[in-house]
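The values are calculated or read from the model by the stated rules, or taken from the named source; none is laboratory data. In this text, all values refer to a predicted model and were calculated from it rather than measured experimentally. Please note: Cβ atoms are built from the backbone with ideal geometry, for glycine as well, and neighbour counts cover all protein chains shown.
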Amino acid sequence: MDPITIVYIIGTLGMLVGIPPALSLVGDEVGLDFDYVWAIPGIAAFMYLLMTFDVGSVQFQGYHVPIPRYIDWALTTPLLVGYTAYIAGASRGMIAGTALADFMMIVFGLGAVVFSSTAQWVFFGLSSACHLTLLALLYGPVRNSAFGEPPSHRRLARLLLNYVGLLWLAYPLVWLFGPGLQWVDAAGIAVIISYLDVTAKVPFVYFIYRARKNFVKVTGGEPETASGQGGAATVTSAA
């Protein structure tokens, strides 16, 4: 068994760890809608399983590229940033904006792998521009929205924002030293990205799971939403 396959097996198992706590949030009356958090580790686990069996892997400019990785990112990372904005109390438009910036970052990032020569760096530049836009939204309007939320929301939003924001800084460097300059081979990139992916997604789910009961205050035996948003707004409209 080659090293890349072993890495993807570990990645699959790592993502599976995040599914049970995420599923426990489905239908849980905690004042916010976390019914779709399961899709973050669930989709990722399925895509890592496909990569384990080398499904969808292609060679671009002599570099091994698993397409399921980009499908995973295109579907799950908008959910990550969308839920972060949602918990912070951002508007539907802002939630959609952060999810869209993240999605376009992934699309242009794929272009930076598929194309060669000058086009490759153009797409990397476009992806980086979307990345900077995303960070500006997260640390600008989204962060400011959290100040108007209850303390429990504000604490979790700040944690998720900093966690996602800091981890996202690593991905452009991974591309630069991997597919870009090809200073790190495909096996090394697989190890780094798998570690970053599991580290980004599974703890994200755990942070929400751990804080879920802080979103409910009980009045007369009935759960009452502590958020100014109410339970109506859902992140799924953004993702």
Inspect the range 171-181 for any residue being surrounded by 15 or more Cβ atoms within 10 Å (Cβ to Cβ) and within 21 Å of L160 (Cβ to Cβ) and give the result as yes or no. yes
Residues of the range 57-77 being assigned to a helix (DSSP H, G or I) and small (G, A, S), in sequence order, are A74
Please state which one of L160, L196 is buried (at least 18 other Cβ atoms within 10 Å of the Cβ) and either modelled with pLDDT of 95 or more or part of a loop (DSSP other than H, G, I, E, B) (or both). L160
A101 vs (1) of a type in the set (G, A, S); (2) surrounded by fewer than 23 Cβ atoms within 10 Å (Cβ to Cβ); (3) outside any helix (DSSP H, G or I): all pass except (3)
Among the residues of the range 104-139, how many are β-branched (V, I, T), surrounded by fewer than 19 Cβ atoms within 10 Å (Cβ to Cβ) and within 15 Å of the chain's Cα centre (by Cα)? 1
Got a sec? Which of Y63, Y36, Y86 is over 12 Å from the mean Cα position of the chain (by Cα) and within 30 Å of W121 (Cβ to Cβ)? Y63
Restrict the check to the range 118-127 and report whether at least one residue is hydroxyl-bearing (S, T, Y), part of a helix (DSSP H, G or I) and closer than 25 Å to L32 by Cβ. no
Somewhere in the range 78-88, is a residue within 23 Å of G62 (Cβ to Cβ), out of contact with any Cys (no Cβ under 8 Å at 6 or more places or on another chain) and either in contact (Cβ under 8 Å) with a residue 60 or more places away in the chain or in a helix (DSSP H, G or I) (or both)? no
So which of V65, V30 is farther than 30 Å from G188 by Cβ, of a type in the set (V, I, T) and at pLDDT below 90? V30
Which ones in the range 143-154 are over 16 Å from A90 (Cβ atoms) and either among the polar types (S, T, N, Q) or surrounded by 15 or more Cβ atoms within 10 Å (Cβ to Cβ) (or both)? S152
Residue within the range 164-186 that is assigned to a helix (DSSP H, G or I), under 24 Å from P20 (Cβ atoms) and not hydrophobic (A, V, I, L, M, F, W, C) present: no
Limited to the range 119-154, what total is found for residues that are among the polar types (S, T, N, Q), within 21 Å of I106 (Cβ to Cβ) and free of Cβ contacts under 8 Å to residues at least 40 places away in the same chain? 1
